[in-house]
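Read-outs throughout are calculated quantities, based only on the coordinates presented, and are distinct from any laboratory measurement. The structure displayed is predicted, hence computed values, not measured ones. When we count neighbours, we look across all protein chains shown, and the Cβ atoms used for this are built from the backbone with ideal geometry, even at glycine.
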Amino acid sequence: MTAFSALPHDLLLSLRDVRVTFRTADGLITPVDGVSFDIARGETLALVGESGCGKSLTALTILRLIDAPGRIEPGSRILFEGRDIMTLGDRDLRAIRGRQAAMIFQEPMTALNPVYCAGEQIAEVVRTHTGASRVEAWSQAVAMLGAVGIPSPEIRAKQYPHQLSGGMRQRVMIAMALVMNPSLLIADEPTTALDVTIQAQLLDLLRDAQQARGASMLLITHDLGVVAESAQRVAVMYAGQIVEEAPVTALFAAPQHPYTEGLMAAMPRAGTRRERLTTIPGTVPPPGAWPSACRFADRCVFAWDRCTGEAPPLHQLGDGRTSRCHLVEEPERRFAAHTAGAVT
Amino acid sequence: MIAPPSNASNWGAIVQRLRADRRSLLAIGALCGMIVLVIVGPLLMAYAPYEQLDITRLAHARPSAEHLLGTDVYSRDVLSRVLSGGRVSLAVAMSAVCIETVIGVAWGLAAGLAGGWIDTLMMRCADAGLSVPRVLLLLAILAAVPMVPIWMLVVLLGLTGWFGIARLVRSEVRSVRSADFVLAARSLGASPLRLALWHVLPHVSGPVLVAATLAVGHVIVLEAGLSFIGIGVQPPQASWGNIIGDGTEFIASAPWVSIAPGCCLVVVVLAVSALGDGLRDALAPRQLPRT
Amino acid sequence: MRALIQRIWQGFVVVAIVATVTFVLVRLAPGDPFSVAFENARLTPALRAQWRSAYGLDGSIASQYGHWIIALLRGDLGWSVSMSQPVSRAIAQALPYTLLLMGIALLLSFTIGMLLGALQAARHDRATDRGIGVLTLIGGSMPDFWLALVLLLTGAYWLRLFPVGGASDPLLPLAASGTTVLIDRLRHLALPVLTLVILITAPVARQQRAALLDRLHAEWVRTAAAKGLSSGAVFRRHAWRTALGPVVTLGGLALPALAGGAVFVERVFAWPGMGRLAVGAIGARDYHLVVGCVITASVLVVIGSTLADLLVMRLEPRTADQDTSQRQRA
């Protein structure tokens, strides 16, 4: 992997070797272990993985929102608009948060402050970053609520989170994120807590808003359906590492990493007749208990002795694809596997 | 998701957490020490707590080697009085808390399981009880009873203190009632009594234990206050409160009479508060952030 | 609005229950003001019977209860035998002193307590936090009357900075200027207020600290940081602001205990408030006065906790739609 010192101008965000550690009662764990990816301007990158793989933590590192007992290790580099976020002082960092890069969280009932009304929470962003008066900030907030598709925004703006439905609360969160026209949106499972119908509406909303502003988006999700709908490129995470990266259509057409294959096979698909849902045998190991070589080896149908002895590097496959798997170097092993429960 | 009620291993984990907490251990040690002291102490004392040794010469003697805490206005040895008074104060507090816990748990269980208007009515009564200043209520009652015997004092303290525990139990019962494991038991045909005793009660016991521990602190101070103004434990029976009361008039000339029992009260209340906090932490450990 | 009406109604119910219970207690008390137990050679049995009937003490329990409730609603709390005046007048004279003492003590305690609690949370697990924590633990563990005695001993007898008791020097206004009188009153207030402040600040600080620590890691706090607010703004507007509710709720729930605490403190410092009145009434077996004090105190507590409830509803909008039993559980 080449380290580079200058950011090509169409790359908005670049993570290099980001590592997050947590000090727990049982010792030091590293839930994010050497993650690197880029996001170009106007592009949506989906970060996919099961719970516990570290994708949400990765999202938090971009704006340095990791609190004690967690820590972003000093070797990590996070380049945003050409500047390394790790080296920024407090004031510069705050200028970026909410203005140039904004986050949308998963559960709006807890992510929104229960004692302030919706309009106030949006207006707060405006007032923090501009010198706008309370009145101006309020009218911008109301306008934004209308822009995200909330009917009667002047009334809704005065309501509190507990008075709004789940879908509306998430629209408020989106409004809060969009109000300062950021160039990067970081959406951490924005629709997971919502009904499927609302999910579709909100994803459309996000996509439209993003395209209208030419913004980029990092979309964290565990749902491959969402990925197919909304992203141009995908990075798959497992046990704190990126195991595969590819353009969306290429990934769905031909996944390279066994974990990705497993995820796709596990997706229930309408129109196919199948008696049983396929699952990946075993469970995700917790951060303290990661195997030293390939972390997926004990659940992988293709694994052989090299996999438990040597950690696979992230191979570059060309056309913007990568895969962290020894199968890249020994593709013939793929056809030698005959384990019970193999992926069909 | 509410977990099913505690079983043996769950209590084991709780006890382990408690043992690991230095503050709780210290509190338990102090309490046990105090209890041992007041049980054994009076037996070892050279002077009886009622004995007026030499009222002409030994009244208000300063603390010395023979009288570690000095003597009071009637030349009674203060240390003996404090130790035997401790028996009364601790016994009264713990018994009263037992009574109020039993009443409170029963009331709260009944209300929570009954639901509907019975529940509302029972809780209104508890709310009313909580709204009345306990001290004033006891003042009103004890004003009518000239020389209240200790057993009656204990009963009255217990009868005026169950309201908070009842509300606590009822709210826990309400939250557990709709939990899956209770519904499962009901669908299997468990009678209301069995539900109450076997399924709901263990779940409630943790918070109740914490509340009862803290209540000991409240009651011991309350009894001391009532004895201080003369309507609690009656002389010549000593209790920490009435020893302080005896010493009030002479606070400037013989402060040791009032200060010593007060320090004992502070120690007990501190220990009980620390233990209550420790129990609360042991029952509900903190959780790690979401990854 | 609906919640407010519900709350007031509940308050009425509470006072009604208290009134009934105290009525029962009074009737259970041995004898009445005109029984033979009360010695007065001039009262012949015939006279006693006459007065008893005049005071309605010879009717059935039900009719006595009825009379009593009606009297209560009119504000007539009976006659104080020990003070030779209507109970309501005795209470009306003592009440302002208690309100003054409690008012100042509450104001100071809550202000200091909330600041201390916030400071502790901001410096969590460091020396400041632990140090203040020890102080609040000790301060909250002291019996009120004992602390009063200790402060009286040190402040009035040893240091001689403060007077030994009472609310003011009765002779002073005759000879001195307004400022001197004010200072004198403040000196009299100082020790009782200090006692109450120590006792009340401790649990307030502990509650504030606990509530704040709980909310420091709330998700909305992280959202606020993600929006670019300074750490001070995040702390004040998003953590502390949401941690005020529990403290006010605590205040409301603790009012009955505070009323009790005032009794002992007033006794020790000879503060001429309702607490001292009640204690004196007990000594004189003046049941009507005792009952009058209890009822007045209950009414005040109900008013106070209703106000606290209203304040909590303003502070935490989502509780405005719940009923009170739900709210107080939080």
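For a test of the definition: using alpha carbon positions, the gyration tensor, and the 1.5 limit on a/c, classify the stretch B:92-214 as rounded, prolate or oblate. Note, shape of the stretch B:92-214 comes out prolate.
Among C:94, C:218, C:46, which one shows the biggest mean-square fluctuation in a GNM of chain C, springs joining Cα atoms closer than 10 Å? Between C:94, C:218, C:46, it is C:46 that shows the largest mean-square fluctuation. By the gyration tensor of its Cα atoms, with a ≥ b ≥ c the square roots of the eigenvalues, what is the shape of the stretch A:8-115: rounded for a/c under 1.5, prolate for a/b over b/c, or oblate? Note, shape of the stretch A:8-115 comes out rounded. Using just the C-alpha positions of the stretch A:149-189 as equal point scatterers, what log10 of I(q)/I(0) does the Debye formula give at each q in 0.16, 0.17, 0.26 1/Å? So the normalised log intensities are -0.44, -0.50, -0.96. Rounded to the nearest 500, the 222 nm mean residue ellipticity of chain B from helices alone is -23000 deg cm²/dmol, with -39,500 (n - 2.57) taken per DSSP H run of at least 4 residues. Taken over the alpha carbons of the stretch A:121-231 as equal point scatterers, the Debye sum produces base-10 log I(q)/I(0) values at 0.12, 0.23 Å⁻¹ of -0.41, -1.35. Equivalent ellipsoid of the protein assembly as shown: semi-axes from √(5λ) of the C-alpha gyration tensor, largest first, are 66, 31, 29 Å.
Centre-to-centre separation between the Cα atoms of the stretch B:207-246 and those of the stretch C:195-246: 35 Å. Annotation: the residues B:72, C:184, sorted from fewest to most other C-beta atoms within 10 Å of their own C-beta, follow the order C:184, B:72.
Size descriptors for the stretch C:149-208, from the alpha-carbon set: Rg then Dmax equal 14.2, 47 Å. In degrees, nearest 10, range 0 to 90: what is the angle between the Cα axis of helix A:118-129 and the longest Cα principal axis of chain A? Roughly 90 degrees, rounded to the nearest 10. For the stretch A:38-87 versus the stretch C:102-161, the inter-centroid distance based on Cα atoms is 45 Å.
With neighbour counts taken as other beta-carbon atoms within 10 Å, the residues A:259, C:65 rank, fewest first, as C:65, A:259. In terms of surrounding Cβ atoms within a 10 Å radius of their Cβ, A:130, A:110 rank from fewest to most as A:130, A:110. For the stretch B:32-125, the alpha carbon convex hull comes to 123 Å³ per residue, rounded to a whole number. Springs between Cα atoms under 10 Å define the GNM used for chain B, and in it the highest mean-square fluctuation of B:223, B:51, B:100 occurs at B:51.
For chain C, modelled as a GNM whose springs connect Cα atoms under 10 angstrom apart, the maximal fluctuation among C:141, C:177, C:88 occurs at C:177. Size of chain A: Rg and Dmax of its alpha carbons, in Å, are 21.1, 69.
With one equal scatterer per alpha carbon and no solvent term, the Debye-computed log10 I(q)/I(0) for the stretch B:171-291 at 0.21 1/Å reads -1.09.
Size descriptors for chain C, from the alpha-carbon set: Rg then Dmax equal 24.2, 86 Å. Legend: mean number of C-beta atoms from other chains within 10 angstrom of residue C-beta atoms, peptide A:155-163, equals 2.
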